[in-house]
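Step one of this worksheet: look at the structure below.
None of the figures in this text is laboratory data; all of them are computed from the coordinates on show. Note that the structure is predicted; figures quoted are calculated from it, not measured. For neighbour counting, all protein chains shown are included, and Cβ atoms are generated from backbone atoms with ideal geometry for every residue, glycine included.
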Amino acid sequence: MHGEWLTLGIQNVSAEAEGSFTGEISAAMAFEAGARYALVGHSERRRLFGETDQVVACKVEQSMRAGLVPVVCIGETAEERRAGQTERVLARQLEGLGAIGGASLQALWIAYEPVWSIGTGTPATAESILEAASFIRAHVVSSDATIHAELRLFYGGSVGVGNASALGALEGVDGLLVGRASVETDSMIALCRQVAGGDGPVAIVRRDAGLSLRG
């Protein structure tokens, strides 16, 4: 796959700019290698590696300093949703980025990925996605009213060939974050062809590769 519409990203960067951190890749190293985007705060990083909102904020800052566009993942678990805590969780995760400042928030992309929908084959309903998207935009705008027009919001969670067009067409959703469906080459190609006529980007998160964005 090649062409002007394909841009590479990285699934993770270090929260530190330099130092002895064996196995880590700094944002600057990723940029020098050709990456232009960085996935930050994915639920697996938060759950499996204990990354806090503070760590996520540090990675976002390092990414922007290196010239990468951070794609920041936020979302609630099934338990939090059942308890009616979705907006509270989203607000906490967004507020964790507060130290970065309004001007910088305008430069990053936000991916709403309800944790309970990831890998289950059942995406969130259109209603719940629109509610979350509206809340996220309103919360971010409350810190800086000039951000609204520039904020790019993705949806991620069981995105596949059968639903990509419908999910990508939702008002307020600017692109899609694709995970499991991208592991199989045929389905990835089919999905890309399906959304090729749209204006929004598609972030393809592959476990055997990096982060690819169409847009």
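Our summary gives segment 1-81 a relative contact order of 33 percent, counting only alpha carbon pairs under 8 angstrom and 6 or more residues apart. Residue exposure proxy: 195, 159, 69, ordered by other Cβ atoms within 10 angstrom of their Cβ from fewest to most, comes out as 69, 195, 159.
Based on C-alpha pairs under 8 angstrom that are at least 6 apart in sequence, segment 124-188 has a relative contact order of 31 percent. Relative contact order, whole percent, for segment 38-176 stands at 23, derived from Cα pairs under 8 Å and 6 or more residues apart.
Packing, taken as the mean count of other beta carbons within 10 Å per residue, orders the peptides 112-119, 17-24, 163-170 from highest to lowest as 112-119, 163-170, 17-24.
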